[in-house]
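**Student:** Next up is a structure, given as structure tokens.
The values are calculated or read from the model by the stated rules, or taken from the named source; none is laboratory data. Computed from a prediction, not measured in an experiment: that's the story for all the values here. Ideal geometry is used to build each Cβ from the backbone, glycine not excepted, and the neighbour counts take in all protein chains shown.
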Amino acid sequence: MNKKKKKVKSDNIDIKRLILVSVMSFCIIIAMITYWIFAYQNKYYSKDDNNKIVSHRISDYVEVEGNVVHLKNISSEINDRFLEKQNEILNNNEIIDVDISKNLNNKILSIKISYVVYGDLANYEEIITLNVDLEKDEEIDNEKMLDIASSSYREIAIDIFNEYIRLPDDTEKEVVDAITGETLSAEEFNDSSEKYIVRIREKISEIISIYMNDDIEYYVVRLSEIHKLCYRTNMDVAMAYIEREIGEINKEEL
């Protein structure tokens, strides 16, 4: 009789152990599943202050069909404007090649599309860019993009003048002011650098495009647009784009 009681007691202990182990195993599995869900969401998604989920995957926002870039999970107004810019180039030109650059950095989606367009005398390039704040679901203007890189329109104007417009000091070349028609020697032109920097600064916001690649911002502007503000030229290179680094983004500004 005692042996039977001991056997029943032992069986009860075994059952309790089995239940305890099962509960513990279940808890461990739930904890692991919760961790992996959390890790997955933090790898591919984040939330803003308004609890809006923002994906870290470009494929959640950009879809390319042929030479056309479509936006997803972004306001239809932004997508429509971007498609209109693309179609204006695609429908009115013979496209030789297209290069599409996409970058997603700390909730800012940046896209640059470069088209090689057929020309009667020579092929040339057309560039369009787009920068979107995914948290606010709104397009970021150039001035804000410059703020993110701790730069300004004036700094861009100075960079353009020094690198592309300033004339060699030892040249005997004369230039004609694109606006006043005044003929200037290289020395006279360079001595008036501030006047031309101001001209570039006043116009640059209308003709510049900015995009982001990894942690670096770049600006692009057609050289011919700059020459129109400074001096007359018939150089073929005027159809080319200036493409220069602005600087590393300041993540505190994002």
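**Student:** Would a scan of segment 123-131 turn up a residue that is buried (at least 17 other Cβ atoms within 10 Å of the Cβ), among the aromatic types (Phe, Trp, Tyr) and touching a residue at least 60 places away in the same chain (Cβ under 8 Å)?
**Tutor:** Checked against the condition, which is being buried (at least 17 other Cβ atoms within 10 Å of the Cβ), among the aromatic types (Phe, Trp, Tyr) and touching a residue at least 60 places away in the same chain (Cβ under 8 Å), segment 123-131 yields at least one hit.
**Student:** Restricting attention to segment 65-76, does a residue exist that is of a type in the set (A, V, I, L, M), surrounded by 14 or more Cβ atoms within 10 Å (Cβ to Cβ) and part of a helix (DSSP H, G or I)? Give the derivation first.
**Tutor:** Residues of segment 65-76 that are of a type in the set (A, V, I, L, M), as a first pass: 68-69, 71, 74.
Restricting the remaining residues to those that are surrounded by 14 or more Cβ atoms within 10 Å (Cβ to Cβ) gives 68-69, 71, 74.
From the residues that got through so far, the ones that are part of a helix (DSSP H, G or I) too are none.
Taking every residue of segment 65-76 in turn, none turns out to be of a type in the set (A, V, I, L, M), surrounded by 14 or more Cβ atoms within 10 Å (Cβ to Cβ) and part of a helix (DSSP H, G or I).
**Student:** Among the helices (runs of 4 or more DSSP H) confined wholly to segment 172-236, which include 1 or more residues that are within 24 Å of residue 148 (Cβ to Cβ) and over 35 Å from the mean Cα position of the chain (by Cα)?
**Tutor:** Because the criterion is at least 1 residues that are within 24 Å of residue 148 (Cβ to Cβ) and over 35 Å from the mean Cα position of the chain (by Cα), no helices (runs of 4 or more DSSP H) in segment 172-236 meet it.
**Student:** How do the pairs read when you match residues in segment 210-227 that are on the phi > 0 side of the Ramachandran plot and modelled with pLDDT under 95 with residues anywhere that are surrounded by fewer than 19 Cβ atoms within 10 Å (Cβ to Cβ) and among the polar types (S, T, N, Q), using Cβ under 9 Å and keeping only pairs 6 or more apart or on different chains?
**Tutor:** 214/103; 214/105
**Student:** Something else: Count, please, the residues in segment 87-121 that happen to be among the aromatic types (Phe, Trp, Tyr) and either within 15 Å of residue 66 (Cβ to Cβ) or surrounded by 17 or more Cβ atoms within 10 Å (Cβ to Cβ) (or both).
**Tutor:** Going through segment 87-121 one residue at a time, the tally reaches 1.
**Student:** Please enumerate the residues belonging to segment 106-144 that are part of a strand (DSSP E or B) and hydrophobic (A, V, I, L, M, F, W, C).
**Tutor:** Start the filter on segment 106-144 by keeping residues that are part of a strand (DSSP E or B), which leaves 108-117, 124-133, 138-139.
Passing the criteria: 108, 109, 111, 113, 116, 117, 127, 128, 130, 132.
**Student:** Just need a number here: residues in segment 152-193 that are at pLDDT below 95 and basic (Lys, Arg).
**Tutor:** The qualifying residues number 1.
**Student:** Also, quick follow-up: Test of understanding: among 61, 164, 115, 153, which residue is touching a helix residue (DSSP H, G or I) at 6+ places or on another chain (Cβ under 7 Å), touching a residue at least 60 places away in the same chain (Cβ under 8 Å) and among the aromatic types (Phe, Trp, Tyr)? It would help to see each step written out before you state the result.
**Tutor:** Values: 61 fails: touching a helix residue (DSSP H, G or I) at 6+ places or on another chain (Cβ under 7 Å); 115 fails: touching a residue at least 60 places away in the same chain (Cβ under 8 Å); 153 fails: touching a residue at least 60 places away in the same chain (Cβ under 8 Å).
Of 61, 164, 115, 153, the one residue that is touching a helix residue (DSSP H, G or I) at 6+ places or on another chain (Cβ under 7 Å), touching a residue at least 60 places away in the same chain (Cβ under 8 Å) and among the aromatic types (Phe, Trp, Tyr) is 164.
**Student:** Being surrounded by fewer than 18 Cβ atoms within 10 Å (Cβ to Cβ), in the same structural domain as residue 62 (by TED's automatic domain parsing) and small (Gly, Ala, Ser) is the requirement here; does residue 178 meet it?
**Tutor:** Working: surrounded by fewer than 18 Cβ atoms within 10 Å (Cβ to Cβ): yes; in the same structural domain as residue 62 (by TED's automatic domain parsing): no; small (Gly, Ala, Ser): yes.
Against the criterion (surrounded by fewer than 18 Cβ atoms within 10 Å (Cβ to Cβ), in the same structural domain as residue 62 (by TED's automatic domain parsing) and small (Gly, Ala, Ser)), residue 178 does not qualify.
**Student:** Just checking, does segment 194-208 include any residue being in contact with a Ser or Thr (Cβ under 8 Å, 6 or more places away or on another chain), modelled with pLDDT of 95 or more and not assigned by TED's automatic domain parsing to the domain that holds residue 131? Before you say what the answer is, go through the steps one by one.
**Tutor:** Start the filter on segment 194-208 by keeping residues that are in contact with a Ser or Thr (Cβ under 8 Å, 6 or more places away or on another chain), which leaves none.
So far as segment 194-208 goes, no, none of its residues is in contact with a Ser or Thr (Cβ under 8 Å, 6 or more places away or on another chain), modelled with pLDDT of 95 or more and not assigned by TED's automatic domain parsing to the domain that holds residue 131.
**Student:** Where the second residue is part of a loop (DSSP other than H, G, I, E, B) and charged (D, E, K, R) and the first is over 11 Å from residue 195 (Cβ atoms) and lies in segment 173-185, which pairs have Cβ atoms under 9 Å and are six or more apart or on separate chains?
**Tutor:** Partner pairs satisfying both residue conditions: 175/232; 176/182; 176/232; 178/228; 178/232; 181/232; 185/172; 185/173.
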